[in-house]
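The structure appears right after this line, and notes come after that.
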Number of protein chains: 2
Amino acid sequence: MGVTIKDVAREAKVSVASVSRALNGHGGVTAETLERIREVAARLRYIPHGAARSLITRRTHTIGALLPDLYGEFFSELIRGIDLAARVHGLQLLVSSSHDGAAEAASALRAMQGRVDGLLVMSPHADAAFLRQNLPVGLPTVLMNTVLERDDYAALSVDNAGGARLVVEHLLGEGYRRIAFIQGPVGNHDVAEREQAYREALAARVPGVPPIVLPGEFDEASGYRAGQRLIAMSPRPDAVFAANDMMAIGCMAAIREAGLRIPEDIAVAGFDDVPMARYVSPALTTAGVRIAELGKAALEQLAGQIEGDEAPAVHMRIAAELMVRASTTRNQKSKAARAD
Amino acid sequence: MGVTIKDVAREAKVSVASVSRALNGHGGVTAETLERIREVAARLRYIPHGAARSLITRRTHTIGALLPDLYGEFFSELIRGIDLAARVHGLQLLVSSSHDGAAEAASALRAMQGRVDGLLVMSPHADAAFLRQNLPVGLPTVLMNTVLERDDYAALSVDNAGGARLVVEHLLGEGYRRIAFIQGPVGNHDVAEREQAYREALAARVPGVPPIVLPGEFDEASGYRAGQRLIAMSPRPDAVFAANDMMAIGCMAAIREAGLRIPEDIAVAGFDDVPMARYVSPALTTAGVRIAELGKAALEQLAGQIEGDEAPAVHMRIAAELMVRASTTRNQKSKAARAD
DNA sequence: AGCATCGATGAAAACGTTTACGTTGCCCTC
DNA sequence: GAGGGCAACGTAAACGTTTTCATCGATGCT
């Protein structure tokens, strides 16, 4: 079908080796033959076959990203950060996502063998056994937000505990005491870290007050339901910390519909700092991580492993920062509480 | 470095051909040899080399997506739609984006040769000459939101004109007359279509009223600036239609800060129906396209071209639907204007 | 018993490149 | 003028697969 290097060679009356040298600028060809080869290649619309090239070169200039999902702001930002950094390093991006089973994730991972120079893995299935089984040996790999804490691979994750601590301490600082927590999907590692930090912060700062934990599913609807349950409690919590922003927003809707005021009656805080958090009213206090930075840092780490073949196996945590907004500030002293 | 099919063959004391047959389930191997090969392959952690395989197979099970950018809700949704559909067809996704120059886009496109079975192209640089020059001949391709109207390639686009018409006619129906339009980046094809439809709808329905057009850059800040300019005009426009939602949101901020009310003093409408549009207050009227549907439809079309090698060269427009919300409804009759 | 058939297996070609190595012809130097 | 050096170019191997074809033994049939 396509036109190959042989066609160009035949048409330009040289060997395939010369065509390769000419087109890759390796020198060793006269100016006039180079020109002739260029002309023929352009005329024939010759485009080198990437698979064939990388078979011999052992370089694909591509990195694979194994993600659990592509939905929502988090992955959008993550991919953007990865892509931006990849572009700097001249790398392309092979993404694979939405695999709900471990088997599917495994086959996606295996399908990347030979097509990528390195791997960015973020998957709930990525435990030690899974990786040992499906990760090509010797392939540079960086893990993101994984449960794994061994030193076999480089790993980057968001500082869930630190962020959650910031939120809880802020709420306590504002005078709230009965602080509820809305969980995310069961088994989610980020959620577990956030919840544990919430419990620990509470135990450390207000030892007498028991934690209040409600289930959630990361989506707005489950936040709404949690909000309804929360309102019905007695004594009613005076603040709620949702494991992500979308649930916090759902929760706010439930609180408002019950005729209660935010933050006077109940304060609401989230996690992630999605763009929308600034726009809801009142604006949502949340712990944000520059997700794009996470993606960028992960790719830089991977690129380092690929280029210089050092395997430093860094473990790094991306810090979360607290964005204080109107949803948790009783008094108007906060600068985030602008005229709404 | 890695373990190849030869290693497995040697270890299992068979030929590479038998290993290939066994592992691909092509039959022609005894049950016991099959089992032995499987065992060896698992023990050696053999993973087939994708590039080598697709070199001979002429199938990569991968489609390439050339996108202008990855930032924001639009691309997030688009990729999600593509990815979801790709998964159904067993295809992986090689994305390339953020190429600001035509040269960069070209090299990205060429780098995909031999690594993909088909191409999804959405690029401002993708004019006829560009495609003829850089598109591998015979590679299935679907264009998205492109200026191209020739029948050479299949093409899908959002119905910008239809959506813009819906918005303008809705505003006119609500009694607004001096309707301003905020543009997007110059040269953007979508924006051009929206603006033209705006002008045409105005000319058709209220022939005397001149169009009012302000520059914009698709981001919130430029919407804010446009809002400030708009407020200072006399006579002041009583409605504004921004070429996308983020600018509309920026514009709303400017209007509010000037002490004017939305929609009583100035109505605001956008385009895209980003998730945030429902959450700003007042909620934003906008023309939405199910972007994920666009991505899905594009991939389905491409998959059709790849599997059955028919090249129907369909041209299809994804309809936009009007989401009427509080930002344009003077009276409370709209169901979207819930208690805020 | 002889012959055709069939299933399992191996040898080798092919896919489209890059690159190590040879070969050629030229120029320069002694 | 012979030899050496060098630049340009060609030959062929290599990358890791799949697949066609040939081989071989065993089996079934007459």
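About its Cα centre, the dipole of the protein assembly as shown is roughly 440 debye, where the only charges are +1 on Lys and Arg Cβ and -1 on Asp and Glu Cβ. Computed over protein heavy atoms with a 1.4 Å probe, the accessible surface of chain B works out to 43 Å² per residue. Given +1 at the Cβ of Lys and Arg, -1 at the Cβ of Asp and Glu and no other charges, the dipole of chain B around its Cα centre is 640 debye to the nearest 20. Inter-copy label distances for A:Val314: 4.7 nm (label point placed 7 Å from Cα along Cα→Cβ; shortest first). DSSP beta bridges fully contained in chain A are about 10 percent antiparallel.
Express as a percent, rounded to the nearest 5, the fraction of DSSP beta bridges in the protein assembly as shown (both residues included) that run antiparallel. Provide the component values of the computation, followed by the final result.
Values: 9 of 75 bridges.
Roughly 10 percent of the DSSP beta bridges within the protein assembly as shown come out antiparallel.
Just the Cα atoms of the range B:130-203, one point each, no solvent: what log10 I(q)/I(0) does Debye give at q = 0.22, 0.25, 0.27, 0.28 Å⁻¹? So the normalised log intensities are -0.97, -1.13, -1.23, -1.28. Computed on protein heavy atoms with a 1.4 Å probe, what is the summed buried accessible area for the chain pair B and A, in Å² to the nearest 100? For chain B against chain A, roughly 4900 Å² becomes buried. Given R0 = 51 Å, the distance between the Cβ atoms of A:Ala31 and B:Arg317 translates into a calculated FRET efficiency of 0.50. An oblate overall shape is assigned to the protein assembly as shown, the ratio a/c of its alpha-carbon gyration tensor axes (a ≥ b ≥ c) being 1.5 or greater and a/b not exceeding b/c.
Ellipsoid semi-axes for the range B:115-256, based on the Cα gyration tensor and the rule √(5λ), read 35, 17, 11 Å when sorted largest first.
Only protein atoms count toward the accessible area here, which uses a 1.4 Å probe; on the protein assembly as shown, the carbon and sulfur part of that area reaches 52 percent. If you take the Cα centroid of the range B:13-39 and the Cα centroid of the range B:162-192, the two points sit 64 Å apart. Which Cα, out of A:Ala297, A:Thr328, A:His49, lies furthest along the positive dipole direction of chain A (beta carbon charges, K/R +1, D/E -1)? Ranked along the dipole, the leading option is A:His49. For the range A:1-31, accessible area lost to neighbouring protein chains reaches 10 Å² or more, against the chain alone with a 1.4 Å probe, at A:Met1, A:Gly2, A:Val3. Mean separation of Cα pairs under 8 Å and 6 or more residues apart, divided by the residue count, gives the range B:5-48 a relative contact order of 41 percent. For the pair the range A:209-261 / the range B:66-144, the C-alpha centres are spaced 42 Å from each other.
What value, in deg cm²/dmol to 500, does the helix sum -39500 (n - 2.57) over DSSP H runs of n ≥ 4 give at 222 nm once divided by the residues of chain B?
Working: 12 runs with 145 residues, N = 340.
After summing the helix terms and dividing by residue count, I get -13500 deg cm²/dmol.
Between copies, the label points of A:Asp100, set 7 Å from Cα on the Cα→Cβ line, lie 4.2 nm apart, reported in increasing order to one decimal in nanometres.
Taking all Cα pairs closer than 8 Å and separated by 6 or more residues, the relative contact order of chain A comes to 17 percent.
Is the C-alpha gyration tensor of the range A:5-48 telling us rounded, prolate or oblate? Criteria: a/c under 1.5 is rounded; beyond that, a/b larger than b/c is prolate, otherwise oblate. Rounded. Which whole-number percent is the relative contact order of the range A:116-243 (Cα, under 8 Å, 6+ apart)? Computed over the range A:116-243, the figure is 25 percent. Evaluated at q = 0.06, 0.08, 0.14 Å⁻¹, the base-10 log of the normalised Debye intensity for chain B, with identical point scatterers placed on the Cα atoms, takes the values -0.32, -0.51, -1.06.
If you plug the beta carbon distance of B:Ala192 and A:Arg43 into 1/(1 + (r/R0)^6) with R0 = 35 Å, you get a FRET efficiency near 0.50.
What's the longest bit of chain B with no exposed GluC sites (Glu not before Pro), using DSSP loop states and at most 16 other Cβ atoms within 10 Å as the test?
Working: sites that count: B:Glu149, B:Glu264, B:Glu310.
Segment B:1-148 is the longest.
Expressed in units of 2.2 N^0.38 Å, where N is the residue count, the Cα radius of gyration of the range B:178-226 is 1.18. Placing pseudo-labels 7 Å out from each Cα toward the beta carbon at A:Lys13 and A:Ala203 gives an inter-label distance of 8.5 nm.
For the range B:15-61, the Cβ-based charge dipole about the Cα centre amounts to some 240 debye (Lys, Arg positive; Asp, Glu negative; other atoms uncharged). Can you list, shortest first in nanometers, how far B:Ser234 lies from the same residue in the other copies, with each label 7 Å from Cα toward Cβ? Here the equivalent label points are 6.1 nm apart from this one.
The values are calculated or read from the model by the stated rules, or taken from the named source; none is laboratory data. In this text, all values refer to a predicted model and were calculated from it rather than measured experimentally. Every residue, glycine among them, receives a Cβ derived from its backbone with ideal geometry; neighbour counts consider all protein chains shown. SASA here: full protein model, heavy atoms, side chains in, ligands and nucleic acids out. Shrake-Rupley method; radii C 1.70, N 1.55, O 1.52, S 1.80 Å.
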